[in-house]
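Data first, discussion second: the structure below is written as structure tokens.
The values are calculated or read from the model by the stated rules, or taken from the named source; none is laboratory data. Just so it is clear, the model here is predicted, and its values are computed rather than measured. Don't worry about glycine lacking a Cβ; one is built from the backbone with ideal geometry, like all the others, and counts go over all protein chains shown.
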């Protein structure tokens, strides 16, 4: 008597369908998790930048001029370094006593924009999906 070994075609197709369903559920959840992590890192960078701006104000009693991109912001505030490579940072001096910090998503984070003001007003100015559901 000959004994068959291995899987039948039906068994293989069922296994492939199950793996496909699991991947279809897990992949979007993982992508949102990664986006939320990048947005959280950008929020931490904004908080650190706010500390550097306030430190500058304490030393000079004025806020510096507006800086339009990440490298200019880093030059204006040498104690701060952007750790999130998925975001570009901007510092805007609104008046002698107020400022706004913005993190704009690039690459996979396009559409995710975070802001922090001198009054500690925080806002993600984007849809939930762009920032992976991040909120502060």
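Listed by first and then second residue, the pairs with beta-carbon distance under 9 Å, at least 6 apart or on different chains, first residue in the stretch 1-21 and assigned to a helix (DSSP H, G or I), second surrounded by 10 or more Cβ atoms within 10 Å (Cβ to Cβ), are 15/7.
Looking across the stretch 105-127 at every residue that is loosely packed, with under 14 Cβ neighbours inside 10 Å and at pLDDT below 85, the one that is nearest to residue 82 (Cα to Cα) is identified as 125. When the stretch 95-119 is filtered for residues that are assigned to a loop (DSSP other than H, G, I, E, B), in contact (Cβ under 8 Å) with a residue 12 or more places away in the chain and over 17 Å from residue 37 (Cα atoms), the ones remaining, listed by number, are 96, 97, 98, 118, 119. Quick check, is residue 73 over 18 Å from residue 104 (Cα atoms), part of a helix (DSSP H, G or I) and touching a strand residue (DSSP E or B) at 6+ places or on another chain (Cβ under 8 Å)? Taking the combined requirement at face value, the residue does not satisfy it. Just name the residue that is nearest to the chain's Cα centre (by Cα) out of those in the stretch 74-92 that are modelled with pLDDT under 95 and more than 19 Å from residue 136 (Cβ to Cβ). By that ranking, first place goes to 85. Taking the criterion of being exposed (fewer than 13 other Cβ atoms within 10 Å of the Cβ) and in contact (Cβ under 8 Å) with a residue 24 or more places away in the chain, the residues of the stretch 55-93 that qualify are 62, 65, 79, 83.
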